[in-house]
1. Which ones in the stretch 35-67 are within 17 Å of residue 89 (Cα to Cα) and out of contact with any helix residue (DSSP H, G or I) (no Cβ under 7 Å at 6 or more places or on another chain)?
2. So residue 175 clears everything in (1) out of contact with any Asp or Glu (no Cβ under 8 Å at 6 or more places or on another chain); (2) farther than 25 Å from residue 35 by Cα except one condition, right? Which one?
3. Suppose we keep only residues that are hydrophobic (A, V, I, L, M, F, W, C) and in contact with a Leu (Cβ under 9 Å, 6 or more places away or on another chain) within the stretch 25-46. Which one would you say is most open to solvent (accessible area, probe 1.4 Å)?
4. From the list 174, 126, pick out the single residue that is among the hydroxyl-bearing types (Ser, Thr, Tyr), within 17 Å of the chain's Cα centre (by Cα) and surrounded by fewer than 17 Cβ atoms within 10 Å (Cβ to Cβ).
5. Among the residues of the stretch 279-313, which ones are at positive phi and open to solvent by less than 40 Å² (accessible area, probe 1.4 Å)?
6. Looking only at the stretch 60-100, count how many residues are touching a Gly at 6+ places or on another chain (Cβ under 7 Å) and surrounded by fewer than 15 Cβ atoms within 10 Å (Cβ to Cβ).
7. So is residue 164 under 15 Å from the mean Cα position of the chain (by Cα) and farther than 19 Å from residue 36 by Cβ or not?
Amino acid sequence: MLKTERDRRSANQDESEAVALAEHHQSVQPELSILMPCLNEARTLAACIKKAQLFLKLQGVSGEIVVADNGSTDGSVEIAQKLGAQVITVPVRGYGAALAAGIEAASGKYVIMGDSDESYDFSALSPFVEKLREGYDLVMGNRYRGGIAPGAMPPVHRYFGNPLLTAVGRLFFSCKESGDFYCGLRGFRKEAIKALELQSRGMEFALEMVIKAQMHGLRITEVPTSLSPDGRDRAPHLRRYRDGWRSLRFYLLMSPRWFFGIPGLTLLVLGWLASAVLLTGPVRVMSVTFDYHSLLYSTAAILLGYQSLLLFIFAKLMAVETGLHPPRTKFWFLEQRTTLERFVVAGVALMAVGVVLGIIAGRQWELTGFGSLQPATTIRLVICSVLFLLLGGQTLLAGFYFGLVNLVAERRGLRRLSPPPVEVGVDAHD
């Protein structure tokens, strides 16, 4: 009986110590949160969690393991809970949605995220932690520097898809610090990434993180990491061609300069040069003659280029207004109140040039008795008249659009300056 009483007291003491230890961990912010998004990863999740726990123990890092479950039905949640990981249930489907919820729930100063399919080694996170402690905001893994095991990545991804899309990302966003945009193992300072207000809820989330980190001037570096064949017994969630197109699409939408600006400027310059040459008369190159038919195409290039440049400015301003881009741009002058009037004046002037050219062409037509137009002069005047009329119309419409953006900017400024509403309590006896 004395032994039973002693066992009961020992058990109560152990339970009290466990509660006290848990309260201590809750009161002290851990340095590191290891985040694993999960969707039916019962075969591999336990191994990933154990490796992460081993890393925390051997390196003496104060940390936690967070599993962001995205609707698993194979017992993944129970496995994670049994191993002591913090499980976050994410009802919104999507890789980005799971990561966003996991980052929000993480308590650590730093977060290291990685897939829970056993393709990444969670026991080898020291390089990430060291760089984060040095003051970097985002530490990317680079699988090409760390080594890709045979069978870990399809050849078309390894030698074509990933290098090509990473090169496009480095070019579009001037991000030379990362040589592997698609590495799923990366670490970051939680508050720095939260300030980016990432919006993607699909696989684009990881790309948005790198792109916005570069745009906002965060400190980025990379460390070598290895990639092993995953331990799944099913097909991966990624789809080769669909996700490749989604990546390119996201790049283009996040970079109006490359999607609208540079192509538009190229078309505009080439169109003006070709039109200037063809305006004086036919041009013969070897046995080929370029006449007013070619002038039609060159003026179409001018129109398309001008429209593309306007779309570039529209997209840039809206990207800033919606938070996709940081709140700085060279086009703030277009949000001034007088922008509408300036564009109206410019549009009317362009249209006036078109009207004058049309009158001259009409006069020449009249001199021929309203018969057949002379290709050498009259048709060229008509083409130029139509060009200036269309450019003027586009300019007028752009002015009204910028006027609308000006109203949005003014409302934003008023909301920023106005004091927060004061809630007035109501007496229960009234």
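1. Hits for the stretch 35-67 are 39, 64.
2. (2) is the only condition that residue 175 fails.
3. Filtering first and then ranking leaves 46.
4. When all the criteria are applied, what remains is 174.
5. Matches in the stretch 279-313: 281 only.
6. Total meeting the criteria: 1.
7. Spelling it out, it is not the case that residue 164 is under 15 Å from the mean Cα position of the chain (by Cα) and farther than 19 Å from residue 36 by Cβ.
Condition check ((1) at pLDDT 90 or above; (2) touching a Gly at 6+ places or on another chain (Cβ under 8 Å); (3) of a type outside the set (A, V, I, L, M)) across all residues:
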| position | (1), (2), (3) |
| --- | --- |
| 139 | yes, yes, no |
| 149 | yes, no, no |
| 175 | yes, yes, yes |
| 244 | no, yes, yes |
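The values are calculated or read from the model by the stated rules, or taken from the named source; none is laboratory data. Just so we're clear, the structure is a prediction, and the values are computed from it rather than from any experiment. Heads up, the Cβs are rebuilt from the backbone with ideal geometry, glycines too, and the neighbour counts pull from every protein chain shown. Please note that ligands, DNA and RNA were not included when accessible areas were found on the heavy atoms of the full protein model with its side chains. Shrake-Rupley method; radii C 1.70, N 1.55, O 1.52, S 1.80 Å.
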